[in-house]
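Okay, so here's the structure we're looking at.
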Amino acid sequence: MKRKIKFTIVILVIAIISAGALIGQYNIKSEAQPTVKKKEQESFVTIVDSNPLTVSTKKVQVYVDPALYSTTAETANDYVALKESPNAKSATLVNLYRGEWGVYLASQNDWIKINSNDGKIGWLKKENTQIMTSTRKVKPTLTQFKVVLDAGHGGIDTGAESDDGTLTEKELTLQTVKKIGAALEKIGVSVAYTRTQDNYLALEDITKKSMAESADLFISIHYDKYDYDNGMNGQTTYYYYQDDKFAATSINTALQKNLALNNNGIRLGNYFVLRQSNRPSLLLELGYLNSDSDLALIKQADFQDKVATGIVAGIQTYVNELNLNQ
Ligand SMILES: [Zn+2]
């Protein structure tokens, strides 16, 4: 009898977790379609009466043995075929970039079924996968929200230099993340940094930090440089995962309002720090160091404060939207 009750509880818990995962997934994936029926949503909220609510998703990373690809040039080994069925001879739906994450759906023999970033459902060979559970908060408040800030470059990696030789990207990014962090802490957001000093970090250490901290949002800060002076200008917001497009828009819109820089909008960027992490991630390029007009703005004493104000406003919008749409 006792066993039966235990078994029933286990089944109930599994049902509740699955319902939560489905509702979360559904709402994030397709804003345009009508959401889950109101009745189901209400019963879900009533049953799980804890705060913050969390939803765990089993995620699958496309694994390619580092010995098989080049770190300097793109090769065929950068990609892994997503197959239509669990069979090497079946059609290739899409080639997934190494390190990219998808959502785990099922497994069969030596194959794993995933929903990929571009929405294609297919199969990967088990040897080409790494599986991890990623947990996110449902309806987080600002005080439950954690941002991991990454000051781009550092140590031996100087990054870009201003065309007048007075500024280096690694110094600017570090000053900027400190301003952003202080402004976020003022509104109750928790902040963690990938670096607080002038030291070099391997890219995998940056993504590992973001995942270990379970970042609700990871933001990597950079300053741009074009091939030739004054060839480009403005601020650009990069994202990699479709699910992060909405965070990118929130932050970019707020930055556009606060900065005098031209705004280049949101763009898909296949950057390691975005692609290799299973946390929501953005990379911000805050103007060109070899554009005279951008550099004049970047050098203004309150430029970084304006960046911080913009990011705070963008995160407030993003958290509000998460609360409305989840
Ligand atoms: Zn950079």
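From the phi angles alone, apply the Karplus equation (6.51, -1.76, 1.60; θ = phi - 60°) to the stretch 105-117 and give each ³J(HN,Hα) in whole Hz, x where the residue is Gly or Pro.
Whole-Hz 3J(HN,Hα) from phi for the stretch 105-117: 10, 6, 9, 8, 6, 9, 10, 10, 9, 10, 9, 7, 4.
For the cross-link pairs LYS209/LYS257; LYS179/LYS299; LYS209/LYS299; LYS59/LYS170; LYS58/LYS179; LYS89/LYS208, which exceed 26 Å when the distance is taken from alpha carbon to alpha carbon? Could the numbers behind the result be given before it?
Details: LYS209/LYS257 31 Å; LYS179/LYS299 15 Å; LYS209/LYS299 30 Å; LYS59/LYS170 32 Å; LYS58/LYS179 35 Å; LYS89/LYS208 35 Å.
Flagged as over cut-off: LYS209/LYS257; LYS209/LYS299; LYS59/LYS170; LYS58/LYS179; LYS89/LYS208.
If packing is taken as the mean number of other Cβ atoms within 10 Å per residue, what is the order of 192-198, 72-78, 143-149, highest first?
Details: 192-198: 16.9, 72-78: 10.7, 143-149: 19.9.
Order by mean packing, descending: 143-149, 192-198, 72-78.
Along each principal axis of its Cα atoms, how long is the stretch 60-135 end to end? Whole angstroms, biggest number first, please.
Ordered largest first, the stretch 60-135 gives principal extents of 34, 34, 23 Å.
Relative to 2.2 N^0.38 Å, what does the C-alpha radius of gyration of the stretch 172-326 come to as a ratio? Two decimals please. Before the final figure, lay out each step's value.
Details: Rg = 14.9 Å, N = 155, 2.2 N^0.38 = 15.0 Å.
Output field value: 0.99.
Antiparallel as a % of all DSSP beta bridges within the stretch 139-325, to the nearest 5? Walk me through the numbers before you get to the answer.
Values: 6 of 25 bridges.
Given both bridge residues lie in the stretch 139-325, the antiparallel proportion sits at roughly 25 percent.
Readers should treat all values here as calculations from the given coordinates under stated rules, not as data from a laboratory. None of the values given here were measured: they were computed from a predicted structure. As a convention, Cβ positions derive from the backbone with ideal geometry for all residues, glycine included, and neighbour counts pool all protein chains shown.
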